[in-house]
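First up is the structure itself, then whatever we jot down about it.
Each value in this text was obtained by applying a stated rule to the coordinates, not by laboratory testing. These figures come from a predicted structure and were not determined experimentally. A quick note on method: Cβ atoms are made from the backbone with ideal geometry, for glycine too, and the neighbour counts reach across all protein chains shown.
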Amino acid sequence: MTTNQTYVKTEVVGSSSKSVSDAIESAIATASRTLRNLEWFEVVDVRGSIRDDEVANYQVTLKLGLRYQPKDLQRVLNERVAIRPAESWRPDLLPWPRASIARPS
């Protein structure tokens, strides 16, 4: 039996002074505190900073895949909108259609 799945993608950036791997694990650990049904990740970009001729910090941009479940997605959407400060509200940067999001009062 074949099971079809639908996923939602979101993007996060993790950082670490230790390693790229630690930056990935940190980003996933942080995202998993508020996002449910995390299934996979994709490394989009790796960059870092140099201080005194040595690597000072690693930054890794990840796309995270969440298994789509309409009720869970709406809960996550509501939480993300509720905690976003009004001055940084940018619906054009969200990975889903603006029509499904009500601006917080």
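Would you tally the net charge around Val60, using a Cβ to Cβ cut-off of less than 14 Å, leaving Val60 out, and scoring K and R as +1, D and E as -1?
On the way: positive: Lys18, Arg47, Lys63; negative: Glu11, Asp22, Glu25, Glu42, Asp45.
Overall, the nearby charge balance is -2.
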Legend entry - Burial order of peptide ranges 47-54, 29-36 (average beta-carbon count within 10 Å, highest first): 29-36, 47-54
Inset, instruction - Evaluate E = 1/(1 + (r/R0)^6) for Val43 and Thr6, where r is the Cβ-Cβ distance and R0 equals 35 Å; express this FRET efficiency to the nearest 0.05. - result: 0.95
Legend entry - Whole-Hz ³J(HN,Hα) from phi, Karplus 6.51 cos²θ - 1.76 cosθ + 1.60, for segment 43-55, glycine and proline x: 7, 9, 7, 10, 8, x, 10, 10, 9, 6, 6, 9, 5
Legend entry - Calculated FRET value between Ser15 and Tyr68, using beta carbons and R₀ = 22 Å, to 0.05: 0.20
